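Enquirer: Here it is, the structure, as structure tokens.
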Amino acid sequence: MPQDCRTITVSLAAEPYPILIGEGLLDHLGSCLLERGFPSGTRVLVVTNPEVEGFHGARALASLEASGFLVRRLVVEAGEERKTPATVAQIHDAAFDHRLERGSLIVALGGGVVGDMAGFAAATWLRGIAVAQVPTTLLAMVDAAIGGKTGVNHRGGKNLIGAFHQPKLVLIDPRMLTTLPDREFRAGMAEVIKYAVIGDEALFQDLETAAGLDPQAGLASREALGPVLLQRLLERSAAAKARVVAADEREGGLRAILNYGHTLGHAVENLSGYGTWLHGEAVGLGMLAAGDIAVAMGLWSQADQDRQRCLIAAAGLPLGWPDLDPEAVLASLQADKKVRQGKVRFVLPTGVGSVTIRDDVDPATIRSALTVATSIGSR
């Protein structure tokens, strides 16, 4: 185990689990699973995608086999457009072929899409077997791999089919980000900014300091951040999500704040066609629109909205809303998972580090915010 490995615990009452963060941890995947109680000889199915397989698959398999695990690998096509029940069926078929038992394990080696699908397959195979998350993208490291949300998309909306299924282990190796495309890294920064807005003013200020070095790209790459700040962002973001998940495992209340930017962001993904926008790009647009709504409702200041916009710009994320029919957006919002009794629930900022949940947003206010956001995109 690397000496500088950091452990963050997701303190669930039923079964807490660790988030391990450290350079080179992928080479210790097998020993980490042994420490979590999986005996040598356990059958393991590693689910990954072609790109990740090419960069990291051999290391993962070598580590698992060195610890005595019986390993089979499944490479699936990733991307939001592939996040479907049909792809999960491929994982189920591989689980059957590899004779996975109730004591067996699925390892998700990839970004959020692979993690969601592999997690959902684990939740539904033999009524639930163990899953370990090994995220390879920034977005998955700080968000998707933590918290047990699994699922796939439906033509009516994103992640409408799913289950809560907590991992036994989350293993984060920042070294894997060296192979991540720049666009994917920028998309992950949207989730980091989200954590800062919803509950970590100090993190927001750290991001502002880094962005101040280059307002156009100071947060847009691993190199721009540097290893020290990157490690801090990974730890702070993971710890923030761990705290919220421990307090509200199944999104009965507090956990809903993690959906900041997601309500409108999911509408962007759904209406534009999955694969057009990366998830983080859509979330960034959703945060900007939510901020405009909050300004219109008098919940937070234009000055704070401008600060948020500056961070999103420094991360190299898009600032302008796509040209979507506002009425189609409003209709899409009604299919969101967070609708209660027909009312759309928005997470809206009230200040840097604090948000509120509202179900009384006037459709006219949403239309107005979308009009402003679309005009920015057309400049």
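Enquirer: Return the only residue of Val47, Val71 being assigned to a strand (DSSP E or B) and either outside the structural domain of Ala130 (by TED's automatic domain parsing) or surrounded by fewer than 22 Cβ atoms within 10 Å (Cβ to Cβ) (or both).
Expert: None of the others qualify; the one that does is Val71.
Enquirer: Could you list all residues from region 266-279 that are out of contact with any Ser or Thr (no Cβ under 9 Å at 6 or more places or on another chain) and in a helix (DSSP H, G or I)? Break it down into steps so the answer makes sense when it comes.
Expert: Within region 266-279, the first condition is being out of contact with any Ser or Thr (no Cβ under 9 Å at 6 or more places or on another chain), and the residues that meet it are 272-279.
Answer for region 266-279, where residues must be out of contact with any Ser or Thr (no Cβ under 9 Å at 6 or more places or on another chain) and in a helix (DSSP H, G or I): Ser272, His279.
Enquirer: When region 327-349 is examined, which residues are found to be of a type outside the set (Gly, Ala, Ser), outside any loop (DSSP other than H, G, I, E, B) and crowded, with 17+ Cβ neighbours inside 10 Å?
Expert: Val329, Leu333, Phe346, Val347, Leu348, Pro349
Yes/no matrix, rows are residues, columns are (1) outside the structural domain of Gly79 (by TED's automatic domain parsing); (2) touching a residue at least 24 places away in the same chain (Cβ under 8 Å):
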residue	(1), (2)
Arg175	no, yes
Ala187	yes, yes
Ala196	yes, yes
Leu213	yes, no
Leu225	yes, no
Val228	yes, no
Gly253	yes, no
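Enquirer: Let me ask you something else. Take the residues of region 311-323 that are surrounded by fewer than 16 Cβ atoms within 10 Å (Cβ to Cβ) and either more than 23 Å from the chain's Cα centre (by Cα) or closer than 22 Å to Leu233 by Cβ (or both): which is modelled with the lowest pLDDT?
Expert: The selected residue is Asp323.
Enquirer: Further question: Does Thr178 fit the bill of being hydroxyl-bearing (Ser, Thr, Tyr) and not in a helix (DSSP H, G or I)?
Expert: No; evaluated as a whole, the condition is false for this residue.
Enquirer: Taking the condition of being within 20 Å of Arg250 (Cα to Cα) and in contact with a helix residue (DSSP H, G or I) (Cβ under 6 Å, 6 or more places away or on another chain), how many residues in region 121-140 meet it?
Expert: Result for region 121-140: 5.
Enquirer: So is Gln308 under 24 Å from the mean Cα position of the chain (by Cα) and surrounded by fewer than 16 Cβ atoms within 10 Å (Cβ to Cβ) or not? Before you say what the answer is, go through the steps one by one.
Expert: Values: under 24 Å from the mean Cα position of the chain (by Cα): yes; surrounded by fewer than 16 Cβ atoms within 10 Å (Cβ to Cβ): no.
Spelling it out, it is not the case that Gln308 is under 24 Å from the mean Cα position of the chain (by Cα) and surrounded by fewer than 16 Cβ atoms within 10 Å (Cβ to Cβ).
Enquirer: A further question on this structure: May I ask you to list the residues in region 214-226 that are part of a helix (DSSP H, G or I) and loosely packed, with under 13 Cβ neighbours inside 10 Å?
Expert: The one that is part of a helix (DSSP H, G or I) and loosely packed, with under 13 Cβ neighbours inside 10 Å: Glu223.
Enquirer: Let me ask something else about it. For the condition of a type outside the set (A, V, I, L, M, F, W, C) and surrounded by 17 or more Cβ atoms within 10 Å (Cβ to Cβ), what is the one hit in Glu269, Glu235?
Expert: The match here is Glu269.
Enquirer: Being outside any helix (DSSP H, G or I) and either at negative phi or not assigned by TED's automatic domain parsing to the domain that holds Ala108 (or both) is the filter here, so list the residues in region 50-68 that pass it.
Expert: Ser67
Enquirer: So is Ala217 modelled with pLDDT of 90 or more and aliphatic (A, V, I, L, M) or not?
Expert: Spelling it out, it is not the case that Ala217 is modelled with pLDDT of 90 or more and aliphatic (A, V, I, L, M).
Enquirer: I've got another one for you. I'd like the residue in region 74-97 that is touching a residue at least 40 places away in the same chain (Cβ under 8 Å) and surrounded by 18 or more Cβ atoms within 10 Å (Cβ to Cβ) and, out of all such residues, is farthest from Val44 (Cα to Cα).
Expert: Among those residues, the one meeting the criterion is Glu80.
Enquirer: Then there is this: I'm checking my understanding of the structure. Among residues of region 268-288 that are closer than 15 Å to Ala328 by Cα and out of contact with any Gly (no Cβ under 8 Å at 6 or more places or on another chain), which one is modelled with the lowest pLDDT?
Expert: Pass one, region 268-288, residues closer than 15 Å to Ala328 by Cα: 268-273.
This time we only want the ones that are out of contact with any Gly (no Cβ under 8 Å at 6 or more places or on another chain), so: 269, 271-273.
Working: Glu269: 91, Leu271: 92, Ser272: 91, Gly273: 88.
It comes out as Gly273.
Enquirer: Can you say whether Gly284 is in contact with a Lys or Arg (Cβ under 9 Å, 6 or more places away or on another chain), of a type outside the set (Ser, Thr, Tyr), assigned by TED's automatic domain parsing to the domain that holds Leu207 and under 22 Å from Gly112 (Cβ atoms), as far as the supplied structure shows?
Expert: yes
Residue-by-condition table, conditions (1) more than 25 Å from Glu223 (Cα to Cα); (2) surrounded by fewer than 21 Cβ atoms within 10 Å (Cβ to Cβ); (3) out of contact with any Ser or Thr (no Cβ under 7 Å at 6 or more places or on another chain):
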{"residue": "Glu101", "(1), (2), (3)": "yes, yes, yes"}
{"residue": "Thr136", "(1), (2), (3)": "no, no, yes"}
{"residue": "Val152", "(1), (2), (3)": "yes, no, no"}
{"residue": "Gly156", "(1), (2), (3)": "yes, yes, yes"}
{"residue": "Leu171", "(1), (2), (3)": "no, no, yes"}
{"residue": "Asp182", "(1), (2), (3)": "no, yes, no"}
{"residue": "Phe185", "(1), (2), (3)": "no, no, no"}
{"residue": "Tyr195", "(1), (2), (3)": "no, no, no"}
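The values are calculated or read from the model by the stated rules, or taken from the named source; none is laboratory data. Predicted, not measured: the structure shown is a model, and the values here were computed from it. Cβ coordinates were reconstructed from backbone atoms using ideal geometry, including for glycine residues, and neighbour counts include every protein chain displayed.
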